[in-house]
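**Q** Have a look at this one before I ask anything.
The numbers here are math on the coordinates, done by the rules we state, and not lab data. Everything numeric here is computed off the predicted structure, so don't read it as measured data. Positions of Cβ are generated from backbone atoms using ideal geometry, with glycine treated the same way; all protein chains shown enter the neighbour counts.
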4 protein chains.
Amino acid sequence: MPELIQPAVVGATGYAGFELTRLLLDHPRVAKPLLLSREGDNSTRLDLGDVYPHISGNGGFPVTPFSWKTLKEKGVQLLFLATPHEISREWMPEAMAQGLRVVDLSGAWRLKNAANRAVYNFDDKDPSAAAQLDSTATYGLPELNRAAIQSAQLVANPGCYATSVILGLAPIVQSGLLDKSAGIICDAKSGVSGAGKAPTSKTHFVEVADNLSAYSVFGHRHTGEILEQLRLEGADLVFTPHLLPIPRGILSTLYVRLTGPATAEQVLKLYRDFYAESPWVRVFPAGKLPQIQYSVRSNYCDIGFTLSPDGKRLVIVSCLDNLIKGAAGQAVQNMNVMFGWNEKEGLN
Amino acid sequence: MPELIQPAVVGATGYAGFELTRLLLDHPRVAKPLLLSREGDNSTRLDLGDVYPHISGNGGFPVTPFSWKTLKEKGVQLLFLATPHEISREWMPEAMAQGLRVVDLSGAWRLKNAANRAVYNFDDKDPSAAAQLDSTATYGLPELNRAAIQSAQLVANPGCYATSVILGLAPIVQSGLLDKSAGIICDAKSGVSGAGKAPTSKTHFVEVADNLSAYSVFGHRHTGEILEQLRLEGADLVFTPHLLPIPRGILSTLYVRLTGPATAEQVLKLYRDFYAESPWVRVFPAGKLPQIQYSVRSNYCDIGFTLSPDGKRLVIVSCLDNLIKGAAGQAVQNMNVMFGWNEKEGLN
Amino acid sequence: MPELIQPAVVGATGYAGFELTRLLLDHPRVAKPLLLSREGDNSTRLDLGDVYPHISGNGGFPVTPFSWKTLKEKGVQLLFLATPHEISREWMPEAMAQGLRVVDLSGAWRLKNAANRAVYNFDDKDPSAAAQLDSTATYGLPELNRAAIQSAQLVANPGCYATSVILGLAPIVQSGLLDKSAGIICDAKSGVSGAGKAPTSKTHFVEVADNLSAYSVFGHRHTGEILEQLRLEGADLVFTPHLLPIPRGILSTLYVRLTGPATAEQVLKLYRDFYAESPWVRVFPAGKLPQIQYSVRSNYCDIGFTLSPDGKRLVIVSCLDNLIKGAAGQAVQNMNVMFGWNEKEGLN
Amino acid sequence: MPELIQPAVVGATGYAGFELTRLLLDHPRVAKPLLLSREGDNSTRLDLGDVYPHISGNGGFPVTPFSWKTLKEKGVQLLFLATPHEISREWMPEAMAQGLRVVDLSGAWRLKNAANRAVYNFDDKDPSAAAQLDSTATYGLPELNRAAIQSAQLVANPGCYATSVILGLAPIVQSGLLDKSAGIICDAKSGVSGAGKAPTSKTHFVEVADNLSAYSVFGHRHTGEILEQLRLEGADLVFTPHLLPIPRGILSTLYVRLTGPATAEQVLKLYRDFYAESPWVRVFPAGKLPQIQYSVRSNYCDIGFTLSPDGKRLVIVSCLDNLIKGAAGQAVQNMNVMFGWNEKEGLN
């Protein structure tokens, strides 16, 4: 039996951090994760089972204050940051210096293009260190970037919306069948857990239930990820997120025009070939569309499509669970790739 | 055409205050309500249509800072307080001194028994003035208390749960058929708007959706109202509230044992007679139970029951909309009674 | 006081028919509506208050079997058909012959273009009579078609999705600012009541809750209405409906490209001017988007938009209640226009 | 490595049958389950992955027509019936004759008392064979009945509500602290999947959403199970189920009076001792109440309580997932007990 890797999670009390912790607890290749909280985040030491009684009954899950010393003492080999992006920006240079491998679930290190990073308004203490990490960080979407992730020290786990849109569009964009002059419309809808655990007027039950709203039109932070990863910078791509009255799950409806008429068989083959080595993408038969329910609580990204009768308009539907394939599951998938394990390990 | 009464509403931006404002805007006997906010509550003057775009398109609804002087200048005759109970305790002596009639939607003045008031932990500046108001305030449940409300200066609008439970139990309690030795169980379930508009972890969509939870067992503030109004102080009555994953509505399931076997016809007649003069209570035929959907967005309290085969156990179901019959609609109904208008006026 | 018009409703037990009945009961210009059911639809006479206890307590609402003789005897002047389109196709020639004015809520008479009608697969007994009615029926969208509705004998009440999309697009389409070569994407989301009252696996709570699904891509029946009313036949317009886990409400996100850069002020003025005489459309300030909650349970269609930074991409959001502005409320609005009353009558 | 047991599931397309299939697919002690459908239930052979795309991507899940011959040929050792109770009554004598061990998820064989069985109105072809099975069938609640289940040939898997109520009450009922003269109130609330997959007006999204309703008061089929298993026949016990607007989960609020004052420590010890050997029951600390969310999608039954200040009234809250601990998970737990495996096997 091979030695277990020791992971640590900072931010386990958030929704994504908790999902991540649950996944790591069941993962056959890793030791029980060390759970850490930022100083000031919790005045007293707490147990994750008190915050989430869902997992009580299986022993204690103490959350202890973060320090670099604790990481070293506990022999942590892989650090998961489920922290606000400000923290990830601040801590990362030291984490790298300590020789840790890191999967960062925030938006801190996803973007290569400084113009795209502007929406985050980062305030780096050491801009040159930050700039170097900006250029060396690896975008952690295994389906597009498997080889680079394997050897990466810093993996920037993709945004939930971005994962859904990029995986839905990548095959057609890379195929050459795409008519870029026509515009690419990405109409995405997400459950509320994507907005995080902090209570705000936007996550109040009465404001969300029986409702639907669009937000951040032409200004959502995930737009840059989509453009960069699909190499569509400058294209007429519109990304519009909506807030669904459900706890979790994303459905993205993606509209593209083709350069000429295609057949459903062609498109299906294109997608199936593209994801032939990707166990966490399921491509549905032509005309059969995924629904949020099918992939929720799994690490799958489900993709289906319908072709217009004239073969020139393609509508793609991409679904995933924002907390799993859109966050914690993808982080574990990245870990699997980083350590050379089977990509499905611990995710079934 | 008779002169219109001038009402004012403090706290129109909360859920109950907004419902009240909507009802007053449509009421044929009152002028457009003056909307007021407490000092410090809003740094700038705002328009209610900005907070609730639902009502935009019908002209402006400016909210102005509260002052006694403004009330006088605008000729306000009836003051509705949809404010926290602390404010109502603080302001009421002055309101009385100004000669205003007041309908207070908070829990400040509902309880006669000092022991029951203890759960509120009131911190009165002028205890003797408060004590006098405690004794003179009128509990605003028209179905039980119509005559007193008509001449009252200060009407304490009942709690939403309390309204549901009291109306469901009053006929059987007053009938003498009740076996008080057996215990009275009040299992109540409410939508989330009852918890108010402030975002907290308890009103976060992800915590409420797909969930149900009991809370404040043996400790809910409405218990005192129920005991006092039904004259059941000291009885073995249990009241348990639950938080439902719906925006609005209350269903209370009430369990009593009878002193001897009764027939469904007897019970039905008892309830129908009791509410014969009460247009806002609908008594359902025996065995046909109300559901939350039937009364939501109306001022009705719907009551139904099922009798056990042996005629000795009675299960009563009582439904209402916590924001209407449980708050704003009842406040308007109280106003109708106070001014001698038809009790249904402005509530259809 | 003017004489009241006598309306009749066939199909009052369905969701739209029930909403229509409620609206007519409160309408100051019409008598209590005659409620009729198709032969075979109900074995016994029933009361609408038994199906919808929501309205019980206000007297009886008997539903009687339909016959032309009954209509005549009761002096019916306006017939509302909330029936399946097959019934509306079958009955309409006789209704016209009887000299009745009709508002038909089904899809039977909305489409002028025979190719668009093909999706309904009508099986007319008298094809020539049907063809004549196809050409003379008036599409009942008052905002676009007020004058024709006023004198129409047969008004085809628009589809719910179609209303939302057409009202959202009409100003920009008619303005000449639209770049038709770029494609027009209509991504629409509807609550479940739009699927009707019949229980199916698609309306089962467990299949809908916590879910979102796209359906009828490139094949929805409302697409023809949209193309015809906007005079966009042959354009690259895609309409994709989705099923939301909410009871009612539609939000359509509409994507268009402009022929050149525009300013938000220009677009706002365009929309405000277009709907200046239309009291049931609310145009929101630039960048402020409507949500389903704002218009639900009202007859409003709410429209907002965001313009891309370069001024060339316009995203329009259009919201309405599928049972009110998308069905029953619009039917009443059409009645108001047909009889020369204020368009807001009975709809506040 | 020990030989795997071969299970078969009849009724895998229903909600409970599907959950059961998922659990068996992951269970380390059993072979891939044979999925069977009743004759006439499916005109063609189907794949479970077509009905539930959730599980697609992991190979085929063919559902084949049921026959005793197929069971024999495939070497089935354990038969799970997730069928209507009529089928279970009809098939069971033959299953017993074939020497099969059976876990029946329906209500067919749960009740010992003929009077309690009357609510099912069984129409047995061979009444004497049925009577014998009625007396020999084992009620499959491991926490109360572990030893008998181990050697049983026919295990009657308990009802979902019954499991929740029995586990919540058993410790206090068996303790002797219960004042039976006071009445026992069981107010239970369940998600919609408990009503099954067949679409009816009661499971229509629009009828359930934003609603709550009580049903089958004094007449629910699970009442007999509760009375029999707790040996409370003849007691004044009331069981009232309610339909919650959520897909899954049950919360039962249970009200009992004690013979004398107790302390929270006493009650906690009583419950903890009672379930000391039961890994699937979690007893919460005094005053900390379980919520549906904590146990949903797990096999846990969570139990918490609050004691009145005078120590004489006990309110117990019991939560579980109606499809797991209330059906499929409990069936697997029973299998574990029947074959002498660890009770947690395959259920984590």
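**Q** Between beta-carbons, use under 10 Å as the cut-off and find the net charge around residue C:146, counting Lys and Arg +1, Asp and Glu -1.
**A** Residues close to residue C:146 contribute a combined charge of -3.
**Q** Give the span of chain D's Cα atoms along each principal axis, as three whole-Å numbers ordered largest to smallest.
**A** For chain D, the Cα extents along the three principal axes come out at 63, 45, 44 Å.
**Q** To the nearest 20 debye, what charge dipole does region B:53-177 have about its Cα centre, counting +1 at the Cβ of each Lys and Arg and -1 at the Cβ of each Asp and Glu?
**A** That gives a dipole near 240 debye.
**Q** Listing A:335, B:92 from the residue with the fewest other Cβ atoms within 10 Å to the one with the most, what is the order?
**A** Ascending Cβ contact count within 10 Å gives the list B:92, A:335.
**Q** Please identify the DSSP H helices in chain A that span no less than 20 Å along the helix axis (Cα) and have a mean Kyte-Doolittle hydropathy of 0.5 or more.
**A** Counting only whole DSSP H runs, the qualifying helices are A:160-175.
**Q** When only Cα pairs under 8 Å and 6 or more residues apart are kept, what is the percent relative contact order across chain A?
**A** Computed over chain A, the figure is 18 percent.
**Q** Residue separation times 0.36 nm, minus the C-alpha to C-alpha distance between residue C:131 and residue C:201: what's the value?
**A** 21.6 nm
**Q** I would also like to ask the following. Where both residues lie in region A:276-348, what percent of DSSP beta bridges are antiparallel, nearest 5?
**A** Antiparallel bridges: around 65 percent, rounded to the nearest 5.
**Q** Direction-averaged shadow area of the convex hull around the Cα atoms of region C:160-322, nm²?
**A** Result: 9.5 nm².
**Q** With the label 7 angstrom out along Cα to Cβ, how close does residue C:148 come to the same site in each of the other copies, in nm, nearest first?
**A** So the label point of residue C:148 gives 5.6, 6.5, 7.5 nm to the other copies.
**Q** At a 10 Å Cβ-Cβ cut-off, how would you order C:161, A:15, fewest neighbours first?
**A** A:15, C:161
**Q** How much mean residue ellipticity at 222 nm does the protein assembly as shown get from its helices, if each DSSP H run of length 4 or more adds -39500 (n - 2.57) and you divide by all residues, to the nearest 500 deg cm²/dmol?
**A** The per-residue figure over the protein assembly as shown is -9000 deg cm²/dmol.
**Q** Suppose you put the label 7 Å out from Cα in the Cβ direction; list, shortest first and in nm with one decimal, how far residue A:297 is from each other copy's label.
**A** So the distances to the same position in the other copies read 0.5, 3.3, 3.3 nm.
**Q** Continuing with this model, one more query. Hey, with R₀ at 51 Å, roughly what FRET efficiency would residue C:98 and residue B:74 work out to, going by the Cβ-Cβ distance, to 0.05?
**A** Computed FRET efficiency for residue C:98 and residue B:74 comes out at 0.35.
**Q** Given label points at 7 Å from Cα along Cα→Cβ, what nm distances, shortest first, separate residue B:234 from the same residue in every other copy?
**A** So the label point of residue B:234 gives 3.4, 8.8, 9.0 nm to the other copies.
**Q** Something else: Taking one equal scatterer on every alpha-carbon of the protein assembly as shown, how large is log10 of I(q)/I(0) by Debye at q = 0.04, 0.06 1/Å?
**A** -0.25, -0.59
**Q** Need the full-extension length gain, residue A:179 to residue A:6, defined as separation in residues times 0.36 nm minus the C-alpha distance. One decimal, nm.
**A** That works out to 57.5 nm of additional length.
**Q** Right, another one. If a/c stays under 1.5 just call it rounded; otherwise compare a/b with b/c (prolate if a/b is bigger, oblate if not). Do that for region B:1-91, with a ≥ b ≥ c from the square roots of the Cα gyration tensor eigenvalues.
**A** Since a/c reaches 1.5 but b/c is at least a/b, the shape of region B:1-91 is classed as oblate.
**Q** With just the Cα atoms defining each centre, how far is region C:311-348 from region B:102-142? Give it in Å.
**A** 47 Å
**Q** How high is the relative contact order of region C:160-322, in percent, counting Cα pairs under 8 Å that sit 6 or more residues apart?
**A** Relative contact order of region C:160-322: 30 percent.
**Q** In addition: Using the Cα gyration tensor of region A:221-264, with a ≥ b ≥ c the square roots of its eigenvalues, what is the shape: rounded (a/c below 1.5), prolate (a/b larger than b/c) or oblate (neither)?
**A** It is oblate, given that a/c is not under 1.5 and a/b is not larger than b/c.
**Q** What's the exposure ranking of D:347, D:46, going from fewest to most Cβ atoms within 10 Å?
**A** Going from sparsest to densest Cβ surroundings: D:46, D:347.
**Q** Considering Cα pairs under 8 angstrom that are at least six residues apart, work out the relative contact order of region D:110-190 and quote it in whole percent.
**A** With pairs under 8 Å counted, the relative contact order is 23 percent.
**Q** Sequence-distant or interchain residues sharing an amide H contact under 5 Å with residue D:281, placed H: which?
**A** D:301
**Q** Could you tell me how far the Cα centroid of region D:144-171 sits from the Cα centroid of region B:227-278, in Å?
**A** Cα centroid of region B:227-278 versus Cα centroid of region D:144-171: 34 Å apart.
**Q** Let a ≥ b ≥ c be the square roots of the eigenvalues of the Cα gyration tensor of region A:139-238; is it rounded (a/c under 1.5), or, if not, prolate (a/b larger than b/c) or oblate?
**A** Since a/c reaches 1.5 but b/c is at least a/b, the shape of region A:139-238 is classed as oblate.
**Q** To the nearest 20 debye, what is the magnitude of the charge dipole of region A:186-258 about its Cα centre, counting +1 on the Cβ of each Lys and Arg and -1 on the Cβ of each Asp and Glu?
**A** 180 debye
**Q** Could I ask something else about it? What size of dipole, in debye to the nearest 20, comes out for chain A about its Cα centre when the only charges are +1 on Lys and Arg C-beta atoms and -1 on Asp and Glu C-beta atoms?
**A** The dipole of chain A has a size of about 400 debye.
**Q** Something else now. What percent antiparallel are the DSSP beta bridges of region D:160-322, to the nearest 5?
**A** 70 percent
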